[in-house]
Amino acid sequence: MKVLVAEDDERIADVLQSALGRSGFEVHCESDGEVAWYRADTEAFDAIILDLGLPQMDGLTVLKRWRRQGVETPVLILTARGQWEERVEGIEAGADDYVVKPFHALEIVARIRALIRRSKGVATPRIPFGKYELDMRSMQVTEDGRPMDLTPQEFRLIAYLLHNRGRTVSQLEITEHIYRQDFERESNAVEVLVARLRKRLGHEVVKTRRGFGYTLGDDY
């Protein structure tokens, strides 16, 4: 899952990037409100963590612009502003969750997971598919209850497909959501990754729609 962190405090941004990265998220950080607004307006993210006190464009203005322009990405406001009036204003502007600093990084990770699940129509962090089950908390896939040894990219791919059940995802979308920006990859990296995942889970789990991309098989 791909998360944008809009936070101008470098220490806090580093804490969030580290905690989310360890939990399997692809994290992109921006410290400028205008840049954060532009990125989420032009790129696809699965969730956003938004500080209200951003330079150039404050977080509330950023959020209102996103919602006016049809950006539906779940947004968690993370701010030092704790008055109830400010919380109401943030929620009514389009935020999906609101956390007041100081915070615990693991709580933010849990809340981001919950926001993404709700936005994808998934009720719990444990997602069954056929004889397999994916657990977003432990970042583990099991087969009939037995843990499987998937690579981080293999796990991210099946997790992304499961969170987008019923939809075909393109190679470009997969690349943007499961690889870091600085990750060096070959032009056929997605095809190779899909082939590896099929060897692990079975060819019928990941279905190819030629010219469009990939989706889960009909029985999953």
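Can you list the aspartates and glutamates whose alpha carbon is less than 12 Å from that of residue 199, not counting same-chain residues fewer than 8 positions off?
Residue 199 reaches 154.
Two decimals is fine: what's Rg over Rh for the range 120-220, C-alpha atoms, Kirkwood radius as Rh? Write out the running numbers ahead of the final one.
Values: Rg = 13.0 Å, Rh = 13.9 Å.
Taking Rh as the inverse mean 1/r over Cα pairs, Rg/Rh reads 0.93.
Share of the range 54-182's accessible area from carbon and sulfur, percent, 1.4 Å?
Looking at the range 54-182 in its full context, I get 48 percent from C and S.
Restricting to DSSP loop positions (anything but H, G, I, E, B) with no more than 10 other Cβ atoms inside 10 Å of their own Cβ, which GluC sites (Glu not before Pro) remain in the range 149-220?
184, 186
Among 170, 148, 38, which residue has its Cα positioned farthest towards the positive end of the charge dipole of the chain, with +1 placed on the Cβ of Lys and Arg, -1 on the Cβ of Asp and Glu, and the dipole taken about the Cα centre?
So the residue furthest toward the plus end is 148.
Sort 121-129, 94-102, 2-10 for me by packing, meaning the mean count of neighbouring Cβ atoms within 10 Å per residue, highest on top.
2-10, 94-102, 121-129
Mind running the shape call on the range 67-135? Use the C-alpha gyration tensor, a ≥ b ≥ c as the square roots of the eigenvalues: rounded below 1.5 for a/c, prolate if a/b tops b/c, oblate otherwise.
It comes out oblate by the Cα gyration axes.
Normalising by the residue count of the range 31-73, find the relative contact order in percent from Cα pairs under 8 Å and 6+ residues apart.
Value for the range 31-73: 51 percent.
So which lysines can residue 64 reach, going by Cα to Cα under 26 Å and dropping same-chain residues fewer than 8 places off?
Partners found: 2, 101, 120.
Rounding to the nearest 10 and keeping the result within 0 to 90°, find how far the Cα-based axis of helix 189-201 lies from the longest principal axis of the chain.
Its long axis makes an angle of about 60 degrees.
The values are calculated or read from the model by the stated rules, or taken from the named source; none is laboratory data. For clarity, every value in this text was computed on a predicted model and none was experimentally measured. Reconstructed Cβ throughout: ideal geometry from the backbone, glycine too, with neighbour counts over all protein chains shown. What goes into the accessible areas is simple: the full protein's heavy atoms, side chains included, and nothing from ligands, DNA or RNA. Shrake-Rupley method; radii C 1.70, N 1.55, O 1.52, S 1.80 Å.
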